[in-house]
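The values are calculated or read from the model by the stated rules, or taken from the named source; none is laboratory data. Predicted model, so just to flag it, every value in this text is computed and none were measured. Cβ coordinates were reconstructed from backbone atoms using ideal geometry, including for glycine residues, and neighbour counts include every protein chain displayed. Keep in mind that these areas ignore ligands, DNA and RNA; they rest on the heavy atoms of the full protein, side chains included. Shrake-Rupley method; radii C 1.70, N 1.55, O 1.52, S 1.80 Å.
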Amino acid sequence: MMRRAAAAVLLLALGAIFATVALDFRERTALPPLAEAYVEMVPRELGAPNVITGILLSYRAFDTIGEVAVLFMVAAGIGLLLGPGRKPEDPALDESEPEPSTEIVRNGADIMVPLIALFAVYIVLHGHLGPGGGFQGGAVVASCVLLMLLARPDYRVRLAQLSVAESLAGVFIVLAGMAGLVFAGGFLDSRVLPLGEFGTLFSAGAIPVLSVLLGTKVGCELSVIIERFRA
């Protein structure tokens, strides 16, 4: 009885808090000064129509590297916990054969995986022009791996190749950052490459290149995490 009363009091308190927030909400009719400054600066200084991507891969790119490093540590930690000594390339690992998926799932994967992969490439390459970017494209790439594992339980992710690709992407990101220190205004300054014509695919300096590297790194790391959770 006491638990029900306490739960009811807690729900009423939470309801009062959310009601206060909802009643006091007022939609902004103008951007805050900081946001307005970025909206003006990114297209002018970086040549990127997508302000968010310009901020993430130039002004606060060092913070973005930190986020990717956290994702790498998550993948490494999951590998230590769930996959010690495991060799995913060996088809004779499991004592019992995995239950096959249905024909609908297999045929659907055969159709959807190439389309999803193509969409991921589009998201990565056009991240400086519209919604998208390396993080989003990498997550979409990992969804292809997840769909393949659902459609074909005996499918083995090549962890060695993914590790090499992920490491190389990280090295090239750091090298691009050092190039910004030497040839531009700071670490990971995207203006190490020409800005090009505003709104075209080959524009916004090094932002598209960084987006591809970031998408490769994130896609590989998420794919490793998905593979580790298979067991």
Provide a single number: the residues in region 164-204 that are in contact with a strand residue (DSSP E or B) (Cβ under 8 Å, 6 or more places away or on another chain) and either closer than 21 Å to Arg60 by Cβ or in contact (Cβ under 8 Å) with a residue 12 or more places away in the chain (or both). 4
Among the residues of region 204-213, are any β-branched (Val, Ile, Thr), open to solvent by 50 Å² or more (accessible area, probe 1.4 Å) and either part of a loop (DSSP other than H, G, I, E, B) or at negative phi (or both)? yes
Looking at region 22-30, is at least one residue open to solvent by less than 50 Å² (accessible area, probe 1.4 Å), without any contact (Cβ under 8 Å) to a residue 40 or more places away in the chain and of a type in the set (Val, Ile, Thr)? no
Taking region 1-41 only, how many residues are of a type in the set (Asp, Glu) and not in a helix (DSSP H, G or I)? 1
Here is a check on your reading of the model: is Val124 within 15 Å of the chain's Cα centre (by Cα) and crowded, with 21+ Cβ neighbours inside 10 Å? yes
Of all residues in region 190-203 being in a helix (DSSP H, G or I) and not hydrophobic (A, V, I, L, M, F, W, C), the one that is surrounded by the fewest Cβ atoms within 10 Å (Cβ to Cβ): Arg191
With the requirement that a residue be open to solvent by less than 100 Å² (accessible area, probe 1.4 Å) and assigned to a helix (DSSP H, G or I), what does region 102-114 give you? Val105, Arg106, Asn107, Gly108, Ala109, Asp110, Met112, Val113, Pro114
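Please verify whether Met41 is without any contact (Cβ under 8 Å) to a residue 24 or more places away in the chain and in contact with a Phe, Trp or Tyr (Cβ under 9 Å, 6 or more places away or on another chain), treating the condition exactly as stated.
yes
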Considering only residues that are in contact with a Phe, Trp or Tyr (Cβ under 7 Å, 6 or more places away or on another chain) and modelled with pLDDT under 90, which ones fall in region 46-77? Phe62
When (1) open to solvent by less than 50 Å² (accessible area, probe 1.4 Å); (2) in a helix (DSSP H, G or I); (3) touching a residue at least 60 places away in the same chain (Cβ under 8 Å); (4) not acidic (Asp, Glu) are applied to Ala48, the one that fails is (2)
Are any of the residues in region 160-167 surrounded by fewer than 19 Cβ atoms within 10 Å (Cβ to Cβ), of a type outside the set (Asp, Glu), at pLDDT below 90 and not in a helix (DSSP H, G or I)? no
Tell me which of these Leu149 doesn't satisfy, since it passes every other one: (1) modelled with pLDDT under 95; (2) loosely packed, with under 14 Cβ neighbours inside 10 Å; (3) of a type outside the set (Phe, Trp, Tyr). (2)
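Residue-wise test of (1) in a helix (DSSP H, G or I); (2) buried (at least 19 other Cβ atoms within 10 Å of the Cβ); (3) among the hydroxyl-bearing types (Ser, Thr, Tyr).
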position: Gly132; (1), (2), (3): no, yes, no
position: Gly137; (1), (2), (3): yes, yes, no
position: Asp154; (1), (2), (3): no, no, no
position: Ala179; (1), (2), (3): yes, no, no
position: Lys217; (1), (2), (3): yes, yes, no
position: Ser223; (1), (2), (3): yes, yes, yes
